[in-house]
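This report refers to the structure that appears directly beneath it.
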Amino acid sequence: MTHDHDLVLRPTDAQRAAALAPPPGRTGGDLVVETLCSLGANTVFGLPGRRALALFDAVGRSDLRFIGLRTENNAGFAADAYGRMTGEAVPLLLSAGPAALMALPALAEAAAASAPVVAICAQVPVAGLGGGRRGHLNELRDQSASFREVVKSVHSARTPSQIPSVIAEAWESALTAPPGPVYVEIPEDVLRDETVIPQVTGVDATPHELAPRPELTAVAAHWLENAARPVIIAGGGVIRSDAAGKLRLLAERVNAPVVTTYGGKGAFPWTHPLSLQSWLEDRHTTDFLEDADVLLVVGSGLGELSSNHHTFFPTGRVVQIEADLGKLESNHAALGIHADARLALQALLETVAEREDPTAPDRVRLLLTDIASRTTPAPSPEHQLLASIRAALPPRSPSFWDMTALSYRAWSAFDPKHPNTMHSAQGAGGPGYAFPAALGAAVAEPGTPVLAVSGDDGAMYAIAELATAVQHALDVTWLIVDDGDDDAPRETGAAPTRPDFAALAASFGVPATTTTPQSLRADLTKALKSPGPSLVLLGAA
């Protein structure tokens, strides 16, 4: 009698031969690379460093495409964007000590945005571990401790035989809902020394599905179909789980208006009759949401930016669908459904009855009219700039926005046209995100023009990556809004000296155009249509 637990996969003749006679000269670094290739990776980001040289040498012997950036933090931002665009786990290769720590801000943003980055970091040799302070270069008492409160999970390999399993475990963690960055640590000598371990040919790291409990979705469906004024808040979880289509079907079935968070922009069509757009910091929207007798929150924790700075207090029933258990009911009491947004929305679609409400589009229209009367009694300069950017940007082209004044307006007012095409660092609030992230997106979607939007201060964090853009001929247009305040007191550092961005770009061989608000649309359209990197500089109006 054969039991399921007795079944094992038998190696093929080719696998048996490879195992018995592995190629000579392989190292622990090769085991890392073989595991990554077996898991489906084809691109890695990073920056070589002394402790990780064996790993980067192994990458050079492989078919992996290596995208090297000029700082570890920027490499992390690029990997973050690649993960957002593809939904795939993406390796970020780092050296030890300061090199690893430099990536922490980027990994914090990846954690806030649920980007599946697999950070593989070198460490000092095994003999230097344990906090003994042996004086190794790049030595930290506990390097992994610096990452533990930032990433989703921490993993370590201390021998070559542990490498495939550890990386597979980390890969699975990165992709399982809620996805997020993970940290893998491997000592230098484990990466460097030769190994007789057979080539890695079969690794499984299938992420677990996070399905909703049926009794909870049954209650949620009952509340929605019997509600008088249901409203839906759609967060970034809808985008990450590719559930925009299911969200639209549900909203139309129960005639519920939908507002998207800044991280969820594009999850619902901007001009749909039920679309409340993204005016979450407007008091009219807050009042509308508070008036809902049933509020369905999908893929959002209702954090600071999604709750009008915690001034939103729902008065009706709340249903919260959230894959991150830590965010479930963290801000408001609710019927908490711990599930992936796509699976939960599908369960609701299979359960909820149609709800008629011919007044819903009128209520949406009245709200948007109230918002427009307050925010745009006359077209503001920011609105005009955003209109020009939107007109110039191809429909499927992604855009990446730094923490700058124009971006703050774009969070509410910009229509990204399609899901997963507008991204910013509003998850963690770090500067310098836009340009290196745009480079990562261009690697993920070759042939698609990508836009980065920065202020003059934010641009200074990423200016070195012009070299990366040229090296890899990436189709990224960088719009820098030179909005510095020359009247600010310089002793505070509020108005630092700025370079001639156009001349600086030209020194890298990047075409640069200085534009005005009136010519922005034409200049941006031309730059986005030109292959390779380009820079458009918009001076203060």
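The values are calculated or read from the model by the stated rules, or taken from the named source; none is laboratory data. No experiment lies behind these values; they were computed from the predicted model shown. All Cβ positions, even for glycine, are placed from backbone atoms using ideal geometry, and neighbour counts span all protein chains on display. Accessible surface is based on the protein model in full, side chains and every heavy atom, while ligands, DNA and RNA are left aside. Shrake-Rupley method; radii C 1.70, N 1.55, O 1.52, S 1.80 Å.
So how far apart, in nm, are the two label points at R283 and S330 if each is 7 Å from Cα heading toward Cβ?
Roughly 2.9 nm, to one decimal.
Once you have the Kirkwood Rh of the chain from its Cα pairs, apply Stokes-Einstein at 4 °C and 1.567 mPa s and quote D in µm²/s.
Roughly 52 µm²/s, to the nearest whole number.
Computing the accessible area with a 1.4 Å probe over protein heavy atoms, can you report the carbon and sulfur percentage for the chain?
53 percent
May I ask for the net charge around A79, where only other residues with Cβ less than 12 Å from the Cβ of A79 are counted and Lys, Arg are +1 while Asp, Glu are -1?
Details: positive: R84; negative: E72, D80, E88, E109.
Every neighbour counted, the sum reads -3.
Could you rank the peptides 30-38, 385-393 by their average count of other C-beta atoms within 10 Å per residue, with the highest value first?
Working: 30-38: 24.3, 385-393: 19.3.
Going from most to least packed, we get 30-38, 385-393.
Run lengths n ≥ 4 of DSSP H only: what is the helix-derived mean residue ellipticity at 222 nm for the chain, with -39500 (n - 2.57) per run over all residues, to the nearest 500?
The per-residue figure over the chain is -10500 deg cm²/dmol.
What percent does the relative contact order of region 129-239 come to when contacts are Cα pairs within less than 8 Å and at least six residues apart? The partial results should precede the final answer.
Details: 96 pairs, mean separation 23.7, N = 111.
In percent, rounded to a whole number, it is 21.
Under 11 Å from the Cβ of L36, count the other residues' Cβ atoms, weight Lys and Arg +1, Asp and Glu -1, and hand me the total. The partial results should precede the final answer.
Values: positive: none; negative: D30, E34, D63.
Value of the local net charge: -3.
May I ask you to order 431-438, 501-508 by the average number of other C-beta atoms within 10 Å around their residues, highest value first?
Descending mean neighbour count gives 431-438, 501-508.
Given points 7 Å out from each Cα along the Cα-Cβ axis, report the T159 to E209 separation in nanometres with one decimal.
Going by the 7 Å Cα→Cβ label model, 3.7 nm.
Provide the packing ranking of 455-465, 157-167, 71-81, 172-182, i.e. peptides ordered by the mean count of other C-beta atoms within 10 Å per residue, highest first.
By packing density, highest mean first, the sequence is 71-81, 172-182, 455-465, 157-167.
When only DSSP loop residues count, what GluC sites (Glu not before Pro) in region 327-394 have their Cβ near at most 11 other Cβ atoms within 10 Å?
Numbers: sites: E329, E350, E354, E356, E382; in loops: E329, E350, E354, E356.
Qualifying residues, ordered by number: E350, E354, E356.
Taking the Cβ of A243 as the center, what net charge do the other residues with Cβ under 11 Å away carry, scoring Lys and Arg +1 and Asp and Glu -1?
+2
Would you mind checking the pairs K246/K327; K152/K327; K417/K526; K265/K327; K246/K526 and listing those with alpha carbons more than 25 angstrom apart?
Over 25 Å apart, Cα to Cα: K246/K526.
Using alpha-carbon pairs under 8 Å, 6+ residues apart, how would you state the relative contact order of the chain in percent?
With pairs under 8 Å counted, the relative contact order is 12 percent.
Which of the aspartates and glutamates could a cross-linker bridge to K529, judged by Cα under 13 Å and excluding same-chain residues fewer than eight apart?
D475
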